[in-house]
Amino acid sequence: MKLIPEIQSAHGEIQTLRRTIHANPELRYEETQTSDLVAKTLSNWGIEVHRGIGKTGVVGVLKRGNGTRSVGLRADMDALPILELNTFDHRSRNAGKMHACGHDGHTAMLLGAARYLSTRGDFDGTIVFIFQPAEEGGAGAKAMIDDGLFTRFPVDAVFGIHNWPGLGAGHFGVAAGPFMASSNEFRIEVKGVGAHAALPHYGHDPVFTAVQIANGLQGIITRNKKPVDTAVLSITQIHAGDAVNVVPNEAWLAGTVRTFTTQTLDMIESRMHKIVENIAEAYDCSVKLTFRRNYPPTVNSVEETKFATMVMREIVGDENVNDSFEPTMTAEDFSFMLEAKPGCYAFLGNGDGDHRELGHGEGPCMLHNASYDFNDELLPVGSTYWVRLAQRFLARE
């Protein structure tokens, strides 16, 4: 690996920042202490700081020379509502809150890059350090954009990275085009007429109707969607009734839809309405379908992905970069930034969990797991990537 020596030398300082953030996790839009730490740290390094963008978001701006090009580098700051099982020294001090997705590491890696760049004038242009709140279900990226992120701090492209357990530590995974899925959820409320379970013909059974709806919806995936268009429709909840000998008046079911394109999502939502309404009518029930679109697909632009891949290979070598990484059906609100600007989102391998210190909880070191911990060996890798990415981008013709 070709890591920047000064960044390697500062590993202890950046690790301390990471572990401080890990020990003090804050949920979406509550990242006041984390934002304070980020803002103070950037300011101490002489970086221009702007706060309150997307409620608790922080933006650092660093400009050198007369260059007109600008690049955005993004890290997320929020934690999850999870009770941490780890007992090592930097475990969560806030019960029921945990950095179980590595956002503490993402923030620290970007801070490590900012530290180095603040003392080096070897770039010409503007670097915008974006510390985003509320990635975990709060659409913090959209909140920052709605607050004028890219109008106040215009960038030519924006980049993001996320640690990825199971991928070798320090390896990169990336692909042009759809990289992560859209995230959407639905709730279907079925109203019928209750009856004695021994005399169901006196009522209109919402439970039976809900079951037929659940079966019918899967036909969208197998018979309406093109086989080459990836999509998932999962019903994850069905609720009805209180007694075994009573047909209830109401039932409801809910779940999620994931797609890689908005066109496929449009088709699925349209077909859902038709199937739900017609099945309910067939069984003399009324129905209400609520469909909520949360995050759009994360789609990497081709040129920026080629460029980012080149930088990755420069740092870790060709053999440690997979530029055809299999897209995942999980979602990410960096998608909003990629709708607004060209850019690239990539994965940085977190390893298999062997890095965890004595006192880690039982269970795998996977994302959103109570035994997870970010691999601190990635800090200089991620910081070096951010530095080289910004330098190379601003130097492009």
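The values are calculated or read from the model by the stated rules, or taken from the named source; none is laboratory data. Note that the coordinates shown come from a computational prediction; the quantities given were computed from them, not determined experimentally. Quick reminder, even Gly has a Cβ in these numbers, built from the backbone with ideal geometry, and neighbours come from all protein chains shown.
Exactly one condition in (1) outside the structural domain of Val207 (by TED's automatic domain parsing); (2) in contact with a strand residue (DSSP E or B) (Cβ under 6 Å, 6 or more places away or on another chain); (3) of a type in the set (Lys, Arg) is not met by Lys288; state its number.
Single failed check for Lys288: (1).
Taking region 159-215, which residues are of a type outside the set (A, V, I, L, M), more than 17 Å from Ile275 (Cβ to Cβ) and without any contact (Cβ under 8 Å) to a residue 24 or more places away in the chain?
If the condition is that a residue be of a type outside the set (A, V, I, L, M), more than 17 Å from Ile275 (Cβ to Cβ) and without any contact (Cβ under 8 Å) to a residue 24 or more places away in the chain, then His201, Tyr202 are the ones that fit.
Look at Lys274 and say whether it is of a type outside the set (S, T, N, Q), outside any strand (DSSP E or B) and at pLDDT 95 or above.
yes
For region 332-354, what are the residues that are surrounded by 21 or more Cβ atoms within 10 Å (Cβ to Cβ), touching a Ser or Thr at 6+ places or on another chain (Cβ under 8 Å) and not in a strand (DSSP E or B)?
Of everything in region 332-354, those that are surrounded by 21 or more Cβ atoms within 10 Å (Cβ to Cβ), touching a Ser or Thr at 6+ places or on another chain (Cβ under 8 Å) and not in a strand (DSSP E or B) turn out to be Glu332, Phe334, Ser335, Leu338.
Out of curiosity, is Phe325 out of contact with any strand residue (DSSP E or B) (no Cβ under 6 Å at 6 or more places or on another chain), assigned by TED's automatic domain parsing to the domain that holds Val381 and not in a strand (DSSP E or B)?
Here the answer is no, as Phe325 does not meet what is asked.
Among the listed residues Phe186, Phe179, Phe208, Phe159, which satisfies the condition of being out of contact with any Pro (no Cβ under 7 Å at 6 or more places or on another chain) and closer than 18 Å to Gly343 by Cα? I'd like the intermediate steps shown before the answer.
On the way: Phe186 fails: closer than 18 Å to Gly343 by Cα; Phe179 fails: out of contact with any Pro (no Cβ under 7 Å at 6 or more places or on another chain); Phe208 fails: closer than 18 Å to Gly343 by Cα.
Exactly one of Phe186, Phe179, Phe208, Phe159 is out of contact with any Pro (no Cβ under 7 Å at 6 or more places or on another chain) and closer than 18 Å to Gly343 by Cα, namely Phe159.
Could you list, in sequence order, all residues of region 299-321 that are in contact with a Leu (Cβ under 8 Å, 6 or more places away or on another chain) and within 22 Å of Gly168 (Cβ to Cβ)?
Residues satisfying the conditions are Asn300, Ala308, Val311, Ile315.
Condition check: under 22 Å from Thr328 (Cα atoms), in contact (Cβ under 8 Å) with a residue 12 or more places away in the chain and of a type outside the set (Asp, Glu). Does Pro297 satisfy that?
In short, yes.
Hey, does region 120-134 have a residue that's crowded, with 19+ Cβ neighbours inside 10 Å, assigned to a loop (DSSP other than H, G, I, E, B), under 17 Å from the mean Cα position of the chain (by Cα) and in contact (Cβ under 8 Å) with a residue 40 or more places away in the chain?
yes
For the condition assigned by TED's automatic domain parsing to the domain that holds Glu362 and closer than 17 Å to Ala79 by Cα, what is the one hit in Gly148, Gly137? Write out each step before concluding.
Working: Gly148 fails: closer than 17 Å to Ala79 by Cα.
Residue meeting the stated conditions: Gly137.
Please list, ordered by first then second residue, the pairs with beta carbon atoms under 6 Å, 6 or more apart or interchain, first in region 232-258 and in the same structural domain as Lys288 (by TED's automatic domain parsing) and in contact (Cβ under 8 Å) with a residue 60 or more places away in the chain, second assigned to a strand (DSSP E or B) and basic (Lys, Arg).
Within 6 Å, the pairs are Val232/Arg258; Glu250/Lys191; Ala254/Arg187.
Can you name the number of the only condition in (1) assigned to a helix (DSSP H, G or I); (2) touching a Pro at 6+ places or on another chain (Cβ under 7 Å) that Met144 fails?
(2)
Which ones in region 214-243 are out of contact with any Leu (no Cβ under 7 Å at 6 or more places or on another chain), more than 15 Å from Leu265 (Cα to Cα) and assigned to a helix (DSSP H, G or I)?
Result: Asn215, Gly216.
Would you please list the contacts, defined by Cβ atoms under 6 Å and residues six or more apart or on different chains, that run from a residue in region 259-286 that is over 30 Å from Pro248 (Cβ atoms) to a residue that is part of a helix (DSSP H, G or I)?
Here the result reads Thr259/Leu265, each pair linking region 259-286 to a residue that is part of a helix (DSSP H, G or I).
Which residue, of Ala169, Ala139, Ala143, is surrounded by fewer than 24 Cβ atoms within 10 Å (Cβ to Cβ), closer than 21 Å to Arg258 by Cα and among the aliphatic types (A, V, I, L, M)?
Result: Ala139 is the single residue among Ala169, Ala139, Ala143 that is surrounded by fewer than 24 Cβ atoms within 10 Å (Cβ to Cβ), closer than 21 Å to Arg258 by Cα and among the aliphatic types (A, V, I, L, M).
What are the pairs with Cβ atoms under 6 angstrom where one residue, in region 1-20, is under 16 Å from Trp45 (Cβ atoms) and of a type in the set (D, E, K, R) and the other, located anywhere, is surrounded by 15 or more Cβ atoms within 10 Å (Cβ to Cβ) and modelled with pLDDT of 95 or more? Sequence gap at least six, or different chains.
Glu6/Tyr116
If you scan region 361-380, which residues turn out to be within 16 Å of Arg18 (Cβ to Cβ), in a loop (DSSP other than H, G, I, E, B) and over 19 Å from the mean Cα position of the chain (by Cα)?
Selection gives nothing.
Exactly one condition in (1) in a strand (DSSP E or B); (2) touching a helix residue (DSSP H, G or I) at 6+ places or on another chain (Cβ under 9 Å); (3) of a type outside the set (A, V, I, L, M, F, W, C) is false for Thr256; which is it?
Of (1) in a strand (DSSP E or B); (2) touching a helix residue (DSSP H, G or I) at 6+ places or on another chain (Cβ under 9 Å); (3) of a type outside the set (A, V, I, L, M, F, W, C), only one is false for Thr256: (2).
Which members of region 9-32 meet the condition of being in a helix (DSSP H, G or I), among the polar types (S, T, N, Q) and surrounded by 15 or more Cβ atoms within 10 Å (Cβ to Cβ)?
If the condition is that a residue be in a helix (DSSP H, G or I), among the polar types (S, T, N, Q) and surrounded by 15 or more Cβ atoms within 10 Å (Cβ to Cβ), then Gln15, Thr20 are the ones that fit.
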